[in-house]
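Report on one structure; see the data block that follows.
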Amino acid sequence: MIRSKAYCEPFRSILVGIPSDGVWTQTQALASAIALAQTTDSTISLYVFAPHLSAPFPMSAATASVWLAQETERLEKSTSSVTHEASKAVAGAGLDVVAEHASSPFDSRSGRFVQLARVHDLAILDAAEISDPSQRTVIEDVLFDSGCPLLLVPRDGGAVRPERIAIAWDGSARSARAVKDALPFLVRAETVVAVTVEGEKDLSRMAPGADLAIFLARHGIECKLATLVAEAGDVAERLRSFLASEGMEMIVMGAFVHSRFRQAILGGVTRSLLEQPPALLFLAH
């Protein structure tokens with residue numbers, strides 16, 4: 001018997017990262033953060049990343065100081081402008097906002113954002129373009145170094161309060177962590193399906209989907225179970241097909257990494273879905 005849905009503390013502090021290259025435009029990540037915060041009366045923290053360098057660091061010591069002065073001026077102008085416009089967009093939506101931007105062209109692109117993520121309930125980023133490895137690095141660093149769940153927003157956006165959510169369930173500790181972190185979304189969804197895909201790895205020692213369904217039932221969440229078979233072992237493609245056919249608006253999954261020391265070596269399914277998320281992608285590690 002499914003209990004009435006339990007109260008689940010919403011995300012009270014939301015961190016969103018936005019780029020400062022080119023002309024200011026409201027990104028999908030910022031739009032999603034604003035809409036989500038409006039439903040939960042949350043505070044938004046903005047972090048504006050430094051623009052990409054306009055030219056490589058000069059080899060000549062004679063030109064290095066000129067280069068540094070030019071890049072610092074460009075960074076300050078670009079990040080200040082974007083921070084101002086983004087803050088206006090958040091404040092205009094009736095929300096509290098705290099804003100910060102990169103201050104040096106030599107700063108680690110992800111370092112400060114990861115620090116901030118450690119003291120927020122949820123981090124939100126735009127999915128990385130294939131041509132933007134720096135954004136991919138930020139995403140990976142948040143996943144594995146911040147202890148904060150990450151919501152990746154695809155290029156075409158997504159439902160702020162998804163009603164149909166799939167859980168990529170393999171019974172692992174990573175999957176369990178992601179489910180618990182995603183409870184504020186799950187308790188508000190109309191349909192939750194735990195999807196297990198066979199054909200890639202041995203799942204015999206993992207927690208069964210039925211156990212997950214019992215756990216979620218205690219939170220008032222009815223969780224259906226689906227077992228799929230991945231043809232030729234392509235789990236990511238099988239998940240994509242399921243999400244499309246069932247009209248799922250979010251997928252919750254644990255981020256898998258092969259290397260103990262990471263070195264940016266992600267599991268195949270995680271890597272594939274990061275590169276082209278088919279829906280809102282909620283990740284935890």
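The values are calculated or read from the model by the stated rules, or taken from the named source; none is laboratory data. The shown structure was predicted, so the numbers you read here are calculated from the model rather than taken from an experiment. Cβ coordinates were reconstructed from backbone atoms using ideal geometry, including for glycine residues, and neighbour counts include every protein chain displayed. Just so you know, the surface numbers come from the protein's heavy atoms only, side chains and all, with ligands and any DNA or RNA stripped out. Shrake-Rupley method; radii C 1.70, N 1.55, O 1.52, S 1.80 Å.
Within the stretch 57-101, the set of residues being aliphatic (A, V, I, L, M) and at pLDDT below 90 comprises M59, A61, A62, A64, V66, L68, A69, L75. Count of the stretch 94-117 residues, restricted to those that are within 14 Å of the chain's Cα centre (by Cα) and closer than 11 Å to S13 by Cβ, is 1.
Note on the stretch 101-116: residues that are surrounded by 15 or more Cβ atoms within 10 Å (Cβ to Cβ) and not in a loop (DSSP other than H, G, I, E, B) amount to 5.
Annotation: A89 fulfils all but one of (1) within 17 Å of S42 (Cβ to Cβ); (2) open to solvent by 40 Å² or more (accessible area, probe 1.4 Å); (3) assigned to a helix (DSSP H, G or I); the unmet one is (2). Every residue in the stretch 157-167 that is modelled with pLDDT of 85 or more and open to solvent by 20 Å² or more (accessible area, probe 1.4 Å), please. R161, E163, R164 - these are the residues of the stretch 157-167 that are modelled with pLDDT of 85 or more and open to solvent by 20 Å² or more (accessible area, probe 1.4 Å).
For A232, are the conditions met, namely being outside any loop (DSSP other than H, G, I, E, B), modelled with pLDDT under 95, surrounded by fewer than 15 Cβ atoms within 10 Å (Cβ to Cβ) and of a type in the set (G, A, S)? Don't jump to the end; show me each part of the working.
Details: outside any loop (DSSP other than H, G, I, E, B): yes; modelled with pLDDT under 95: yes; surrounded by fewer than 15 Cβ atoms within 10 Å (Cβ to Cβ): yes; of a type in the set (G, A, S): yes.
It is true that A232 is outside any loop (DSSP other than H, G, I, E, B), modelled with pLDDT under 95, surrounded by fewer than 15 Cβ atoms within 10 Å (Cβ to Cβ) and of a type in the set (G, A, S).
Go over the candidates V97, V138, V119 one by one and state the one that is among the β-branched types (V, I, T) and either touching a Phe, Trp or Tyr at 6+ places or on another chain (Cβ under 6 Å) or open to solvent by less than 10 Å² (accessible area, probe 1.4 Å) (or both). Result: V138 is the single residue among V97, V138, V119 that is among the β-branched types (V, I, T) and either touching a Phe, Trp or Tyr at 6+ places or on another chain (Cβ under 6 Å) or open to solvent by less than 10 Å² (accessible area, probe 1.4 Å) (or both).
Filtered by the rule that a residue be modelled with pLDDT of 85 or more and over 13 Å from the mean Cα position of the chain (by Cα), the stretch 239-277 gives L239, R240, S241, F242, L243, A244, S245, E246, G247, M248, E249. The set of residues in the stretch 9-40 that are in a loop (DSSP other than H, G, I, E, B) and among the small types (G, A, S) comprises S20, G22.
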